[in-house]
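All remarks here apply to the structure that follows.
The values are calculated or read from the model by the stated rules, or taken from the named source; none is laboratory data. Keep in mind that this is a model prediction, so the values were computed, not measured. Cβ: placed from backbone, ideal geometry, glycine included. Neighbour counts: every protein chain shown. Quick note on the areas: whole protein, heavy atoms, side chains included, nothing else; ligands and nucleic acids left out. Shrake-Rupley method; radii C 1.70, N 1.55, O 1.52, S 1.80 Å.
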Amino acid sequence: MAVIRARARARAGARLVDDEIHCAELEDQPPHFEQLKRLKLLVDPSVLIAPSSSDVQLLEQLSLDPVSGAEGHFMVQLFKPADCTVEAARRALGFLRTAEVPPDLPSEHVASFHYTKLPEDGEMLRAVGVLLAACTRAGGSGSVLRIVLHAVGRNLVLDSCALHSLSIFQQHLHPSAYGGRAKEGLSLFALLNRARCKVGERQLREWFNSPTYDRAVLDARLDAVSFFVGAASAGDLLAHVREALAGAKDVARCVRHVRTGCRLADLKELRDHCYAHRRAHELLAAQAAAAEERGFTLPALLRRFVDEGGLAASLSNVAQLISALVNFPASAAEATRVVINDGVDAERDRLVAVLDSLPDALNEASALEREAAFGALVAGGLLPADANAAAPAHRQLEELVERLQVLYVPQLGFFLSSPPELLHVYEAQLREDLRPRMFVGHEGFASDDSTYCKSATAEHLDTSVGDVVSQIADRDLAIVHQLEARLLHKADKLLASQEMLATLDALCSLAHAAHELRLCRPELTDDRVVELEGAWHPIARARMAEGHEFIPNDTALGPTATTSGGERRASMMVLTGPNGSGKSVYLKQVALTVFLAHVGSFVPAKLARIGLTDRIQTRIFSRGARARAIARRASRHAPCGWPRALG
């Protein structure tokens, strides 16, 4: 679900994804709405919400498919501008206790905590208010973990056609007619995706979906990737870090489950994630100490992770707490509940001791019931007082008495299990005043070979012992609730850890791919140049049959670019040749190299000097005649405002 609010020049947007509200301001103008198209392609919202006063071009664009341009692809809901005021948004935020809100913060200050984080103009605040109101009407928004702000103003823009023609992503639908999860085909993302955990893969996908020309962001990523590439060449640091990152989990999903009642799998994932964070921190902290001895420091992104030593210690305590409380083998065997370790709670230990001694107590109670039954039958003349004088008929009756047994049934209590034939003897042949005291009626039940009824002994055990298994389960549940409360108190740290490990995994993924594919670090510059030496198309090379090699190519574009012979080149190149000669492959490899540089990745070339670019345009498209028509429509020249476009 996404909300779009229009202003004179920009649009504020808010979307709800996995119980997180993501906010951004889109610098978009009609008629192209490129950022809106990218947003729809990235988010794929179920509903788009916009004010009814929006301009006609925006309303028409909202329902269109970002790739094919087909109408009616998205459901669009309109709201009256009067229904969304700053006051209404603040009231809605006042009831929103995210994981970032301090637990002891008074309710009257919750709204202020939220809207001081949003831009002062109020448009994004209104968008969040509308989103919360829409979710409330739909029966959702009961659990929002946090509000995340995104800066999209310095993102490199690719329209949906460029994404497909360059094979940045390639979704292969499930072959089953009944549907199923799509998988990533042979694409640029698939080639560089070496992430060890799902959150790292999502982070890397987000970088590919939102390439940037922010120099500081790109340099920070490239520095970290360079460090890991050097570590991969010199030792096993990258392998050890990636091994630790395999334990990172989707903590946000676990925290959502903890809020509504956690499962054993959630506790296990939280424990494993905390240990993974501690292990990764230990590895990088040791590397940082060794680096300081040699007189240099870790890259900024890794330094930030190492400096969060307090977070690693806090998460280590969380993992130790979960391990100390939860008996994972017993919980897995139980399958329906979380079992607590012995020695955690004195009352629970007492109940467990009672349960352990229960077999002996049941044997004693059963012996008493048999003794009472023999006495009653002897007093009624149905059995002789001397067991040696028993006739065959007497022995049959004795065998029925020996089958008397006191049993414990969790949640129902204690019962006397008796053969139906013995009860028939009681009723037909034994005087009422001699019959053992039994209650069959509504308090008992029967199976094929036994009748279960309450007796004096069973009632005494109900009173003295009680439903001990249920009492243990209740005590376990109370301890689990206490654990959930302590985990929710650490929710902000857990979410911060997920973000850090996701970033670290994405960086390690790029470094591992760069090491295996022999990519080089690009030199970024503010000049409008693309200088590549020995560049190749990564997807085309991956598709080549064994024994064949891709012939690398050089590129020199831009007013200041020169060839190896010193010849100056202009900022435009005209490429001609027969069909199948590789023109499209060459054009795509240049675009892919520039794209990867703006992700913060190494690039497929021996040397690369790339100017910061704000847009990539292409007419290359090959999805049939209909698709080619779409490509022609989508390939109009960008309006003024894209001074650094590559096309």
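If packing is taken as the average count of other Cβ atoms within 10 Å, what order do 252-258, 317-323, 544-550 fall into, highest mean first? Numbers along the way, then the final one.
Values: 252-258: 20.7, 317-323: 17.4, 544-550: 8.3.
Top to bottom by mean Cβ count within 10 Å: 252-258, 317-323, 544-550.
Could you tell me which chymotrypsin sites (Phe, Trp or Tyr not before Pro) in the range 253-351 are loop residues by DSSP with no more than 12 other beta carbons within 10 angstrom of their beta carbon? Display every interim value, and only then the final one.
Working: sites: TYR275, PHE296, PHE305; in loops: PHE296.
Hits after loop and neighbour filter: PHE296.
If you roll a 1.4 angstrom probe over the protein chains with everything in place, what fraction of the accessible area of the range 471-596 belongs to carbon and sulfur, to the nearest %? Please list the in-between numbers first.
Working: 3200 of 6500 Å².
Carbon and sulfur atoms account for 49 percent of the accessible area of the range 471-596.
Under 13 Å from the Cβ of ILE539, count the other residues' Cβ atoms, weight Lys and Arg +1, Asp and Glu -1, and hand me the total. Walk me through the numbers before you get to the answer.
Working: positive: ARG541, ARG543, LYS588; negative: GLU184.
Counting the neighbours of ILE539, the net charge comes to +2.
In a shell of Cβ-Cβ distance under 12 Å around GLN589, excluding GLN589 itself, what net charge do Lys and Arg (+1) and Asp and Glu (-1) give? Before the final figure, lay out the partial values.
Values: positive: ARG541, LYS583, LYS588; negative: ASP554.
Once all neighbours under 12 Å are counted, the net charge is +2.
How much accessible area per residue does the range 500-554 have, in Å², with a 1.4 Å probe? Don't skip to the answer; put the middle values down first.
On the way: 2700 Å² over 55 residues.
Spelled out: the 1.4 Å probe surface of the range 500-554, per residue, equals 49 Å².
Which entries of LYS198/LYS583; LYS117/LYS490; LYS198/LYS268; LYS249/LYS490; LYS37/LYS606 have Cα-Cα distances beyond 26 Å here?
Values: LYS198/LYS583 37 Å; LYS117/LYS490 21 Å; LYS198/LYS268 16 Å; LYS249/LYS490 16 Å; LYS37/LYS606 35 Å.
Pairs exceeding the cut-off: LYS198/LYS583; LYS37/LYS606.
Over the range 225-369, with the other protein chains present, what is the accessible area per residue in square angstrom, probe 1.4 angstrom? Let's see the in-between values first.
Values: 6600 Å² over 145 residues.
Here the residues of the range 225-369 average 46 Å² of exposed surface.
Take ASP448 and LEU368, extend 7 Å from each Cα along the Cα→Cβ direction, and tell me the distance between the two endpoints in nm.
If labels sit at ASP448 and LEU368, their model points lie 3.3 nm apart.
Ignoring ligands, DNA and RNA, what percent of the accessible area of the range 181-230 is carbon or sulfur (1.4 Å)?
Details: 930 of 1960 Å².
The C+S portion of the solvent-accessible surface of the range 181-230 is 47 percent.
Excluding GLU100 itself, what net charge comes from residues whose Cβ is under 10 Å from its Cβ, given Lys and Arg +1 and Asp and Glu -1?
Values: positive: ARG97, LYS117, ARG146; negative: ASP492.
Spelling it out: positives minus negatives among the neighbours equals +2.
Using a 1.4 Å probe over the heavy atoms of the protein chains, calculate the carbon and sulfur portion of the accessible area of the range 291-344 as a whole percent. Show your work: numbers first, answer last.
On the way: 1390 of 2750 Å².
Carbon and sulfur atoms account for 51 percent of the accessible area of the range 291-344.
Amide H of VAL326: which non-local residues (sequence gap of 5 or more, or other chain) have their own amide H closer than 5 Å, using H built in the peptide plane?
Counting only residues 5 or more places away or on other chains, the set is ASN341.
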